[in-house]
There are 2 protein chains.
Amino acid sequence: MKLATVRIDGQLHPARVEGDDVVLLSDENLEQVLSRPGADGPAETGQVLSRSAVEFAPPVTRPNKILCVGLNYLSHLQEIGIPRPKHPALFTKFASTLIGAEDPIELPSVGAEPMWEVELVIVMGRPLSRGSVTPEIALGAVGGYTVANDVTMRDFQRHTSQWLPGKAFDRTTPIGPVIVTPEEIDHARDLELRCEVDGETRQFGSTTELLFDPAQIIGYITQFAALHPGDLILTGTPAGSSPETGNFLRPGQLMRSWIAGIGECRNLMVSGS
Amino acid sequence: MKLATVRIDGQLHPARVEGDDVVLLSDENLEQVLSRPGADGPAETGQVLSRSAVEFAPPVTRPNKILCVGLNYLSHLQEIGIPRPKHPALFTKFASTLIGAEDPIELPSVGAEPMWEVELVIVMGRPLSRGSVTPEIALGAVGGYTVANDVTMRDFQRHTSQWLPGKAFDRTTPIGPVIVTPEEIDHARDLELRCEVDGETRQFGSTTELLFDPAQIIGYITQFAALHPGDLILTGTPAGSSPETGNFLRPGQLMRSWIAGIGECRNLMVSGS
């Protein structure tokens, strides 16, 4: 099942996406749908729209927590010359960074080195209390998986040892368009992911390369924090995103961030303030 | 004016605190009060309680953003041997870390090196859009100041280059009890702060030592993100919190975190899971 949050006349609606059909759901938001997975599936309003008639919002617009894993693909570690970490290198994002899968990205005038980072995103379903969890319990709490691009201002990322400022520019992280439930893609164990800018491949990899997989990441996080329905965990980016190239995003470019079996974000870069 | 959020029979209420009186306010929460400072002051419900009859919750329970500045006191930089940063070293906390000023802290069984970090907290009042702001505009948006202790699990902080996990344990950051409005303490320009454990002074300093002051911190943050009423910015900790001492918090200890002119958190350490 593919789930989305769509914008219709400025209002947000949870929906199920099937081919070209967008089936509106009765729940208030997608967090509610994700929190009670079941064989019956979510209740529908009866309204069905065409995919071309809706805009995709971030699938979850107000997550309780957004965590991100850095340095989680060996290929990316090698290109930036950093040794393999013993624990997931975690930082956070604010909900204010999120935009829809097809929204334009206003490149800020102060962030001079914007770069792409295509990532698999874990979307939490059932809540998990703080404490030790088995891999089975961790995966059982996953509501689904989606795509994001953790667009990063490399100059702000390097201001200090803490990466946050380069990752926290408002409205610079496209996410979606859909959340795919785990059984449909075998918990994203073996999916190709790719980032293209104006048709040129910048990043190409596979989730088989993840140093810490979803169960391990969730197991680490729940040592210190509970997780809630709709919480997002960005799992890191493969090679092809080194600032050494001097090749940064520019207004007018189209960035495509794609994961096989899930979907793609298509974002036009525009000049921002 | 001193503002607080108090718990009465499990319900949260915004309040004004004057001496021993806790005057309940008509607003839904303190974010609403902070967003419209004015000469008239907030409307009151007419109900007045004694300070001893209420529990203090975190003054803001669901901030939109919590940011923290590391390495912001020269004395603390010297004790841990780190050069002075050119920008504020920023990381975040989740709202789930916050507890009231007198709540016990359940020391987690997995975080083996819990340490105190008394900090001045900026509480945002009027919203600020992303963009360049003058120091006057930055300070004009401050709703008040409060006290927190950024209790940190030093072992988890050192797991990778990113400090988050050591700072993100659920329910380990006491904050409050009150927010003091800026005019009453001259924007916290010259306040003593202190942390004691079982009556022994662990940290002692003054906000005059801040490397980045509130106006500079807010000016830096708004380069990448908007700020909203009730957003919290922890401004860093003075010397006396080096893990080199091997002197960590233990169950049974009482931690006091105090800032002159604002108030103090008093937290008993208990064994957690």
Between chains B and A, the summed loss of accessible surface on complex formation, probed at 1.4 Å and reported to the nearest 100 square angstrom, is 2800
Between A:ILE82 and B:SER273, the two model label points (7 Å from Cα along the beta-carbon direction) sit apart by a distance in nm of 3.4
Inter-copy distances for B:ARG84, label 7 Å out on the Cα-Cβ vector, sorted ascending, nm, one decimal, are 4.2
Among B:VAL33, B:VAL60, B:VAL110, which one moves the most in a GNM of chain B with springs linking Cα atoms closer than 10 Å?
B:VAL110
From the P(r) of chain A, could you give the percentage of C-alpha pairs in the tail past 31 Å?
21
Calculated from DSSP H runs of 4 or more alone, at -39500 (n - 2.57) each and per residue, what is the 222 nm mean residue ellipticity of chain A, nearest 500?
-3000 deg cm²/dmol
Using a cut-off of under 19 Å, list every residue of the range B:226-251 whose amide N is near the label point 7 Å from the Cα of B:GLU200 along the Cα-to-beta-carbon line.
B:238-251
Running Debye on the protein assembly as shown with equal point scatterers at the Cα sites and no solvent, what base-10 log of I(q)/I(0) appears at q = 0.08, 0.12 Å⁻¹?
-0.52, -1.18
³J(HN,Hα), Karplus 6.51/-1.76/1.60, whole Hz, each residue of the range B:238-250, x for Gly, Pro
x, 4, x, 9, 8, x, 4, 5, x, 9, 10, 5, 10
Distances in nm between the label point of B:ASN247 (7 Å along Cα→Cβ) and its equivalents in the other copies, shortest first, are 5.4
With a point put 7 Å past each Cα toward its Cβ, work out how far B:GLU184 is from A:ARG250 in nm, to one decimal.
5.5
Please list, in order along the range B:205-222, the HN-Hα scalar couplings obtained from phi with the Karplus expression 6.51 cos²θ - 1.76 cosθ + 1.60 (θ = phi - 60°), rounded to whole Hz, x for Gly and Pro.
x, 9, 5, 5, 7, 4, 5, 10, 8, x, 5, 5, 5, 5, x, 6, 4, 6
Taking B:ASP190 in one copy and the same position in all the others, each labelled 7 Å out along Cα→Cβ, what are the pairwise distances from the first, in nm, shortest first?
7.0
Gain upon complete extension [A:MET1, A:ALA112; 0.36 nm per residue less C-alpha separation]
36.0 nm
Yeah, the range A:121-238 with a ≥ b ≥ c from its alpha-carbon gyration tensor (a/c under 1.5 is rounded, else prolate when a/b outruns b/c, oblate otherwise) is oblate
Round to the nearest 10 and report in Å² the accessible area of B:PHE91, as given by a 1.4 Å probe over the protein chains' heavy atoms.
10
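The values are calculated or read from the model by the stated rules, or taken from the named source; none is laboratory data. Here the structure is a predicted model, which means the values were calculated and not measured. No Cβ is skipped: glycine too gets one built from the backbone with ideal geometry, and neighbour counts run over all protein chains shown. In case anyone asks, the SASA skips ligands and DNA or RNA and just uses the protein heavy atoms, side chains included. Shrake-Rupley method; radii C 1.70, N 1.55, O 1.52, S 1.80 Å.
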